[in-house]
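Asker: Structure provided below as structure tokens; questions to follow.
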Ligand SMILES: *Cc1c(COP(=O)(O)O)cnc(C)c1O
């Protein structure tokens with residue numbers, strides 16, 4: 001359920017007509033609904049009500065500080081994967097004690113930054129990383145709280161690029177080898193073992209891979225306990241999918257119930273790292289038709305391209321396309337393409353699309369996750385504005401970039417002057 005609905009023929013975000021926003025901020029722009037964000041966060045978090053848990057929103061899916069602040073107000077923490085995301089999370093007011101740091105390649109500078117902030121824990125991915133964290137924590141006179149990300153070798157049955165929990169993926173430590181790194185960590189002076197973590201992939205549409213993972217994690221916790229290693233946090237990652245088109249992923253409540261059942265009695269706090277399931281259907285991309293072309297195929301050329309929304313090009317992902325103002329003319333099969341000089345620059349291909357002409361606005365749905373955050377300046381296109389609607393008000397939470405922004409940080413060296 002989201003708050004992008006038609007009133008008569010016009011698409012509204014909560015109480016605001018989308019054309020009104022387009023007139024004020026120009027196109028293209030990302031548009032999020034605060035009511036939808038709150039609703040999705042709470043639905044997810046409530047699925048774990050009654051057991052000790054912390055929902056740590058996966059910042060990489062949608063990282064605007066206004067949206068992070070909204071989740072912070074609902075008690076949300078953050079799952080970060082870089083120093084930049086740590087900076088954002090702190091700036092947004094997320095408590096350091098609710099931040100977990102994932103990722104396979106943290107730098108010394110990033111580790112120092114997270115130690116200084118006193119985050120909840122580092123999810124480590126190798127014994128080399130453990131050695132660096134020990135060394136940096138010793139240098140700074142800190143004790144790093146750590147978990148290891150274990151790789152359970154479970155097939156999440158999703159797109160190959162977003163599968164992470166298979167033995168062949170670069171992520172985590174094979175669960176069969178993980179005991180050895182825990183034994184190693186136990187010897188170290190400046191790390192404190194507090195958790196076990198895992199994240200098997202993204203856009204999962206079934207619960208069974210999660211359940212298989214939980215079973216393997218439970219076995220592993222028992223082996224740790226037998227060695228006298230007590231765990232305070234079990235982090236099961238994110239990955240719950242959303243409906244883009246025909247998928248029917250489990251609702252958060254069903255996902256939560258299945259996980260709770262699989263976990264049974266547990267002495268530690270559960271950590272969850274949802275991204276897409278909270279923000280995916282809480283955001284849309286609004287774009288304007290520039291031209292239409294009819295040759296062998298029909299093309300609708302819009303002002304948003306693969307640099308603004310990479311998912312269709314990158315994963316061949318499907319996003320529903322709807323008119324911002326519904327017309328009378330029937331849909332027709334066309335490709336929806338952007339202005340970028342690449343044949344891979346499309347938002348939809350060979351699809352029944354609303355009949356649209358120059359100047360018409362179209363909405364690309366389910367664009368809230370991995371939309372703006374994956375956008376780039378390719379073709380020297382300024383990144384688009386982000387707008388947050390709250391009731392009958394809208395707020396620009398990121399202004400459109402300017403040409404000045406494009407060259408900020410670039411210099412012409414003396415020998416060229
Ligand atoms: C990307 C990522 C997530 C979030 O995944 P979603 O599919 O958006 O829920 C959570 N944890 C880790 C470690 C990730 O890399």
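Asker: Among the residues in segment 401-416, are any in contact (Cβ under 8 Å) with a residue 12 or more places away in the chain and surrounded by 15 or more Cβ atoms within 10 Å (Cβ to Cβ)? Working first, answer last.
Answerer: Filtering segment 401-416 for residues in contact (Cβ under 8 Å) with a residue 12 or more places away in the chain gives 401-403, 405-406.
Now restrict to residues that are surrounded by 15 or more Cβ atoms within 10 Å (Cβ to Cβ): 401.
Among the residues of segment 401-416, at least one is in contact (Cβ under 8 Å) with a residue 12 or more places away in the chain and surrounded by 15 or more Cβ atoms within 10 Å (Cβ to Cβ), which makes the answer yes.
Asker: Now for a different question. I'd like to check something: does segment 252-265 contain any residue that is over 21 Å from residue 332 (Cβ atoms) and within 13 Å of the ligand (Cβ to nearest atom)?
Answerer: Of the residues in segment 252-265, the ones over 21 Å from residue 332 (Cβ atoms) are 252-265.
Filter once more, keeping what is within 13 Å of the ligand (Cβ to nearest atom): 252, 255.
Yes.
Asker: Quick one: count up the residues across segment 48-67 that are touching a residue at least 24 places away in the same chain (Cβ under 8 Å) and surrounded by fewer than 23 Cβ atoms within 10 Å (Cβ to Cβ).
Answerer: Filtering segment 48-67 for residues touching a residue at least 24 places away in the same chain (Cβ under 8 Å) gives 48, 51-67.
Okay, now just the ones that are also surrounded by fewer than 23 Cβ atoms within 10 Å (Cβ to Cβ), so 48, 51-54, 60, 63-66.
Going through segment 48-67 one residue at a time, the tally reaches 10.
Asker: In segment 15-27, is there at least one residue being within 15 Å of the chain's Cα centre (by Cα) and either modelled with pLDDT of 95 or more or at negative phi (or both)?
Answerer: Let us first name the residues in segment 15-27 that are within 15 Å of the chain's Cα centre (by Cα), namely none.
No, segment 15-27 contains no residue that is within 15 Å of the chain's Cα centre (by Cα) and either modelled with pLDDT of 95 or more or at negative phi (or both).
Asker: I've got another one for you. Which residue is nearest to the ligand (Cβ to nearest atom), if the candidates are limited to segment 208-220 and must be farther than 12 Å from residue 154 by Cα and either without any contact (Cβ under 8 Å) to a residue 40 or more places away in the chain or crowded, with 18+ Cβ neighbours inside 10 Å (or both)?
Answerer: At the first step, the residues of segment 208-220 found to be farther than 12 Å from residue 154 by Cα are 218-220.
Subset that is either without any contact (Cβ under 8 Å) to a residue 40 or more places away in the chain or crowded, with 18+ Cβ neighbours inside 10 Å (or both): 219-220.
Values: 219: 21, 220: 17 Å.
Within segment 208-220, the match that is nearest to the ligand (Cβ to nearest atom) is 220.
Asker: What is the one condition in (1) in contact (Cβ under 8 Å) with a residue 60 or more places away in the chain; (2) out of contact with any helix residue (DSSP H, G or I) (no Cβ under 6 Å at 6 or more places or on another chain) that residue 349 does not satisfy?
Answerer: It fails just one condition, (1).
Asker: Looking at 35, 116, 78, can you tell me which residue is away from the ligand (no atom under 15 Å from the Cβ) and closer than 22 Å to residue 242 by Cβ?
Answerer: Numbers: 116 fails: closer than 22 Å to residue 242 by Cβ; 78 fails: away from the ligand (no atom under 15 Å from the Cβ).
After applying the criteria, what remains is 35.
Asker: Being closer than 26 Å to residue 257 by Cβ and either in the same structural domain as residue 301 (by TED's automatic domain parsing) or in a loop (DSSP other than H, G, I, E, B) (or both): is that true of residue 49 here? Reasoning before the result, please.
Answerer: Values: closer than 26 Å to residue 257 by Cβ: yes; either in the same structural domain as residue 301 (by TED's automatic domain parsing) or in a loop (DSSP other than H, G, I, E, B) (or both): yes.
Yes: the conditions hold for residue 49.
Asker: Now, a different point. Report, by residue number, each residue of segment 188-203 that is touching a helix residue (DSSP H, G or I) at 6+ places or on another chain (Cβ under 7 Å) and not in a loop (DSSP other than H, G, I, E, B). Give the steps one after another, and end with the answer.
Answerer: Step one: filter segment 188-203 for residues touching a helix residue (DSSP H, G or I) at 6+ places or on another chain (Cβ under 7 Å), giving 188-191, 193, 196, 198, 200-203.
Within segment 188-203, 191, 193, 196, 201 meet the criteria.
Asker: Something else now. Is one or more of the residues making up segment 221-236 within 16 Å of the ligand (Cβ to nearest atom), in the same structural domain as residue 59 (by TED's automatic domain parsing), assigned to a loop (DSSP other than H, G, I, E, B) and closer than 26 Å to residue 371 by Cβ?
Answerer: Within segment 221-236, one or more residues are within 16 Å of the ligand (Cβ to nearest atom), in the same structural domain as residue 59 (by TED's automatic domain parsing), assigned to a loop (DSSP other than H, G, I, E, B) and closer than 26 Å to residue 371 by Cβ.
Asker: Somewhere in segment 81-100, is a residue in the same structural domain as residue 177 (by TED's automatic domain parsing) and in contact (Cβ under 8 Å) with a residue 60 or more places away in the chain?
Answerer: If we filter segment 81-100 for residues that are in the same structural domain as residue 177 (by TED's automatic domain parsing), which is where we start, we get 81-100.
Next, from what is left, pick out any that are in contact (Cβ under 8 Å) with a residue 60 or more places away in the chain: 100.
Yes: one or more hits.
Asker: Yes or no: residue 142 assigned by TED's automatic domain parsing to the domain that holds residue 211 and either at pLDDT 95 or above or in contact with a helix residue (DSSP H, G or I) (Cβ under 6 Å, 6 or more places away or on another chain) (or both)? Spell out how you get there, then give the answer.
Answerer: Values: assigned by TED's automatic domain parsing to the domain that holds residue 211: yes; either at pLDDT 95 or above or in contact with a helix residue (DSSP H, G or I) (Cβ under 6 Å, 6 or more places away or on another chain) (or both): yes.
It is true that residue 142 is assigned by TED's automatic domain parsing to the domain that holds residue 211 and either at pLDDT 95 or above or in contact with a helix residue (DSSP H, G or I) (Cβ under 6 Å, 6 or more places away or on another chain) (or both).
Listed here are the residues, each with its yes/no results for (1) farther than 30 Å from residue 313 by Cβ; (2) assigned by TED's automatic domain parsing to the domain that holds residue 231; (3) modelled with pLDDT of 95 or more.
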{"position": "124", "(1), (2), (3)": "yes, yes, yes"}
{"position": "128", "(1), (2), (3)": "yes, yes, yes"}
{"position": "162", "(1), (2), (3)": "no, yes, no"}
{"position": "175", "(1), (2), (3)": "yes, yes, no"}
{"position": "198", "(1), (2), (3)": "no, yes, yes"}
{"position": "216", "(1), (2), (3)": "yes, yes, yes"}
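Asker: Next up: Exactly one of (1) surrounded by fewer than 21 Cβ atoms within 10 Å (Cβ to Cβ); (2) part of a loop (DSSP other than H, G, I, E, B); (3) away from the ligand (no atom under 16 Å from the Cβ) is unmet by residue 249. Its number?
Answerer: (3)
Asker: From the residues in segment 152-186 that are closer than 19 Å to residue 111 by Cβ and more than 22 Å from the chain's Cα centre (by Cα), which one is nearest to the ligand (Cβ to nearest atom)?
Answerer: Looking at residues that are closer than 19 Å to residue 111 by Cβ and more than 22 Å from the chain's Cα centre (by Cα), I get 173.
Asker: With (1) buried (at least 24 other Cβ atoms within 10 Å of the Cβ); (2) within 18 Å of residue 51 (Cα to Cα) as the list, and residue 254 as the residue in question, which single condition is left unmet?
Answerer: Just one mismatch for residue 254, condition (1).
Asker: In addition: Would you mind telling me which numbered condition in (1) in the same structural domain as residue 382 (by TED's automatic domain parsing); (2) part of a helix (DSSP H, G or I) residue 68 fails?
Answerer: For residue 68, the failing item is (1).
Asker: Separate question: Residues of segment 91-107 being touching a helix residue (DSSP H, G or I) at 6+ places or on another chain (Cβ under 6 Å) and in a helix (DSSP H, G or I), which ones?
Answerer: 91, 96 - these are the residues of segment 91-107 that are touching a helix residue (DSSP H, G or I) at 6+ places or on another chain (Cβ under 6 Å) and in a helix (DSSP H, G or I).
The values are calculated or read from the model by the stated rules, or taken from the named source; none is laboratory data. Owing to the predicted nature of the structure, the values given are computational and were not obtained by experimental measurement. Virtual Cβ from ideal backbone geometry, glycine too; neighbours counted across all protein chains shown.
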